[in-house]
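Below: the structure, in structure tokens.
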Amino acid sequence: TSNANQTSELVNAMNYDPELARDVQEGLKQTPKRISSKYFYDGAGSKLFQQIMELPEYYPTRTEFKILEEQQAEISRFFGLSDFFHLVELGAGDGLKTKILLRQLLHMKADFEYVPVDISGDILKLLDSSLKTELPALKTDSFTGDYFKALHWLQKNKEGRKVVLFLGSNIGNFEDGGDLEFLQEIRKYLNPEDKVLVGFDLRKDPRTIRQAYDDAAGVTAAFNLNLLKRLNRELGADFNLNQFEHFTDYDPLSGVVKSYIVSKKQQTVTFSALNHSISFAAWEAIHTENSHKYTPVQIEELGEKAGLKTEQFFTDEKHYFADVLFRV
Ligand code: AVI
């Protein structure tokens, strides 16, 4: 019943995540307003992202899948298979693409442990159970948390040789300069014999890029607006989802897709868990996501600045996407 729902929402909001509360409160005080895209990935958001990856307009996943599928043996050889390593994956998600490499590595009798890391505990549980049935011989140890917490945990718990995977163009979702900072953080964790494989979305026809973030079926819109649902549920906010809309655009100069949630009218939203209200002017936007697209030269420079040498580019025939292997 609706009463029961309201009660359970209030109970949820009373047990709110203090980090989410602080980040949202801070971000909505700023001009322009902003909320980090890391908060997209609650249970519903992770499911919507899985749907995005299947969309005809969303080329990155399909393209990277093909690169991994067609070049799996060569990529695996580059990892160096003569001694044990931790295969650490940052932002593992449903692991669909990684399973190609995992199967190949097992086939090549590599001695390794798979360490998937993700911000969504829900998606990691799904991954864990699918790995148990599909690849029972695989050794795994997963970690739930954001990237920086993960690196901290890895430093303490996973020493020895490492191959770090950061696929799916997750590197594109940082704020300006955050990509370099993050690679520098990863670099601190690496020893001379370690490697990193990073997935980059490459620059291409701006229309192709724009469409990937504004699909005809409206799945990306639902994904973006799910953030408001999450705030309603977890922080007791009263966002009326009909009064906000998804907007996204690609700037071919900076190479960044920016996504926003736009307030369709002047309105005030109250967060009951926080005793706090936020006003929106008509057509005011909350910036919710960056998605950077790179040129090959930018990728090499980025690596260099982070203290990483580009060892090999693995790309598709249209040069839509690249998995780039770096070494120290
Ligand atoms: C997770 N990340 C790489 C996706 C991207 O393409 O930037 C997130 C996404 N946002 C909207 N569509 C997909």
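The values are calculated or read from the model by the stated rules, or taken from the named source; none is laboratory data. None of these values were measured; they are calculated from a predicted model. Cβ atoms come from the backbone with ideal geometry, glycine included; neighbour counts cover every protein chain shown.
Brief remarks follow.
- Note on the range 130-171: residues that are within 16 Å of the ligand (Cβ to nearest atom) and among the charged types (D, E, K, R) amount to 1.
- Annotation: of all residues in the range 196-211 being more than 15 Å from residue 295 (Cβ to Cβ) and not in a strand (DSSP E or B), the one that is farthest from the ligand (Cβ to nearest atom) is 207.
- When the range 210-224 is filtered for residues that are within 12 Å of residue 41 (Cα to Cα) and among the hydrophobic types (A, V, I, L, M, F, W, C), only 223 remains.
- Condition check for residue 262: closer than 26 Å to residue 172 by Cβ, assigned to a strand (DSSP E or B) and among the β-branched types (Val, Ile, Thr): yes
- Complete set of residues in the range 197-234 that are basic (Lys, Arg) and within 14 Å of residue 318 (Cβ to Cβ): 203, 204
- Pair list, Cβ < 7 Å and 6+ apart or interchain, from the range 81-97 residues that are farther than 14 Å from residue 124 by Cβ to residues that are within 16 Å of the ligand (Cβ to nearest atom) and in a strand (DSSP E or B): 87/165
- Only a single item in (1) assigned to a helix (DSSP H, G or I); (2) at pLDDT 95 or above; (3) closer than 24 Å to residue 102 by Cβ; (4) touching a strand residue (DSSP E or B) at 6+ places or on another chain (Cβ under 9 Å) is not met by residue 222, and it is number (3).
- Within the range 43-76, restricting attention to residues that are without any contact (Cβ under 8 Å) to a residue 12 or more places away in the chain and among the basic types (Lys, Arg), the residue that is nearest to residue 166 (Cα to Cα) is 62.
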